[in-house]
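Here the structure is laid out as structure tokens; the discussion comes afterwards.
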Amino acid sequence: MMTKNSLGLTAVALVAAGIAIGTPAAAEQVSLNLVLVSPADRWEHILPLAEAAFKKANPQVDLKVNAQILPFGDRLTRLRAAAAGGTPLDIVSLDQPEVGEFAAAGFTKDLTPYIDRDLDGLKDWLPAYRDGTLYEGKWHAIWAWTDARVLWYWKDLLKEAGVDPQSMTTWDGYLESCKKLDAALSKKGIQGCLLIGKPWVADWTLPYVWMHNGDIGQLVDEDAAKDAGASEAWVPSLDSQAWIDALKFTKAQVDAGITPFTEHQFGPQFASRSFATSLEGTWVYGSLANTGADMSNVGVIAAFPTEKKGEPTATMAGGWTLAIPATSEHPDVAWQFLKAMLDVKVMGDAEVKFGYLPVRQSFATDLDKDFGAYWDKGGDKRWDELKKLAPSAYGRPNFPSWSGVGTTISETVQNVMFNGADPAEAAANAQHQVLEALGWPEGTSVKVADDNNGACEKGGRLINAVTPMQKAADSNGSGAICTVISSN
């Protein structure tokens, strides 16, 4: 039974199942403490399902779970304090780029032995989601669900303005369509296109980099990093032509009259029809459903615009991961509970109910009709489009200093948006700032090359090929490439 106490803790009496390692004595009580990211409704759905699964498999174990559900920032503050103070916690929500920070601090447990034993090395996870929670070659979290950035539009408003939705799939077509929409709809107080200006502005810039075979940066040889005096074995690639082109398109949107939107609210601005189109997350669909919108009037293009027609698109993979802190006093019990949470009858069910996208191939297949029923309201085959986008979703780096790097990237994009900074100069300045912050000599860069039967030349580092740039270098199809530091 689920209750809430005066401290805002959600307490769920659960019975753990299948505890193969360190099984407590019969009827021994075990308490797990969870810190999870809001909103609460998804956990109020997930936890009882997990309760039922555990109770059925292991009724002899009495497990009580105390789940503290906090907003993004409060959760992060709570976890950083717990990491500093060694506070015992058992399962926590981590944003994917945070994994390295907490792993490096020794706060998260290496889950690799559990994953290899019980989840077949995450082979069911799509590559970006399998690779995105690795830190120094070990899994310190598991990606539970995801979302994606796509183009939403109101069919009637585009028709009124004489805009064909497919014309918005290229950069030039997008800009011209936005102008037409503004001209036709501005007297009604409706803006044509939404350009995210704050916060998390980098999330809407990275896809344009990836689709041009650019990247944020690369992991490099740790010994080489130490020899150079760098604090991170990661080198940025922020001054590439791909970055310059991405920033040029950002500037072109502003020049076309699209005012950067600084009050991001995860969907209501589109659901209220303040905008005719919105490059936004898949979470917009939930906002639309909550307002009782006519879903037959809502279109989606499951892709970011590409520079030219027919080019590969890209999107950023969001969602959340789950980790077990090293401070857990019952890590084996915590693992079994986490594993149950990730089961198709629990997490898969929640993904369908709340409109999250699956990170596991089997979920997309086994729940295909269920996902279709959720996403295809009004008659459009949105689920088919979203499935096609899955291989083009990419995550962000998760090394410990990523937060500062991400801030530099956001400030760079905003400098172009709000101050009209030259894209090439802004990209070069970002590269300089990040190199300096990480302790790399000016002019340091990184090259990628194919591996040689799983090996790299001296000074190279073997990494998984996940992003478009990395895949392009993987000519032998091994799934791995080498990164090598170079200097100008």
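The values are calculated or read from the model by the stated rules, or taken from the named source; none is laboratory data. Computed from a predicted structure; not experimentally measured. Please note: Cβ atoms are built from the backbone with ideal geometry, for glycine as well, and neighbour counts cover all protein chains shown.
Filter the range 209-249 down to the residues that are buried (at least 23 other Cβ atoms within 10 Å of the Cβ) and either of a type in the set (S, T, N, Q) or assigned to a helix (DSSP H, G or I) (or both) and list them by number.
Val209, Trp210, Gln218, Trp243, Ala246, Leu247
Suppose we filter Leu76, Leu63 for residues that are under 21 Å from the mean Cα position of the chain (by Cα), of a type in the set (A, V, I, L, M, F, W, C) and modelled with pLDDT of 75 or more; which single one remains?
None of the others qualify; the one that does is Leu76.
Just to be sure before I move on: is Ala184 buried (at least 18 other Cβ atoms within 10 Å of the Cβ) and either more than 26 Å from Trp402 (Cβ to Cβ) or hydroxyl-bearing (Ser, Thr, Tyr) (or both) in the structure I sent?
yes
Just to check your reading of the model, which residue among Val359, Val352 is more than 16 Å from the chain's Cα centre (by Cα) and of a type in the set (Val, Ile, Thr)?
Val352
Rundown of residues vs (1) surrounded by 15 or more Cβ atoms within 10 Å (Cβ to Cβ); (2) at pLDDT below 75, yes/no style:
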| position | (1), (2) |
| --- | --- |
| Leu7 | no, yes |
| Ala17 | yes, yes |
| Pro24 | yes, yes |
| Ala27 | no, yes |
| Ser31 | yes, no |
| Ser38 | no, no |
| Arg42 | yes, no |
| Ile46 | yes, no |
| Lys55 | yes, no |
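I'd like the residue in the range 448-488 that is hydroxyl-bearing (Ser, Thr, Tyr) and assigned to a strand (DSSP E or B) and, out of all such residues, is nearest to the chain's Cα centre (by Cα).
Going through the qualifying residues, I end up with Thr483.
When you go through (1) part of a strand (DSSP E or B); (2) polar (S, T, N, Q); (3) within 24 Å of the chain's Cα centre (by Cα) one by one for Ser445, which number turns out not to apply?
Condition not satisfied by Ser445: (3).
Only one residue in Thr146, Thr170 is closer than 20 Å to Leu386 by Cβ, polar (S, T, N, Q) and modelled with pLDDT of 95 or more, so which one is that?
Step by step, each of Thr146, Thr170 is checked, and only Thr146 is closer than 20 Å to Leu386 by Cβ, polar (S, T, N, Q) and modelled with pLDDT of 95 or more.
Of everything in the range 155-173 that's touching a Leu at 6+ places or on another chain (Cβ under 9 Å) and buried (at least 16 other Cβ atoms within 10 Å of the Cβ), which residue is farthest from Gly355 (Cα to Cα)?
Only one residue fits best here, namely Ala161.
Give the residue that is nearest to Leu89 (Cα to Cα), with candidates limited to residues of the range 327-378 that are of a type in the set (D, E, K, R) and crowded, with 19+ Cβ neighbours inside 10 Å.
The residue in question is Lys339.
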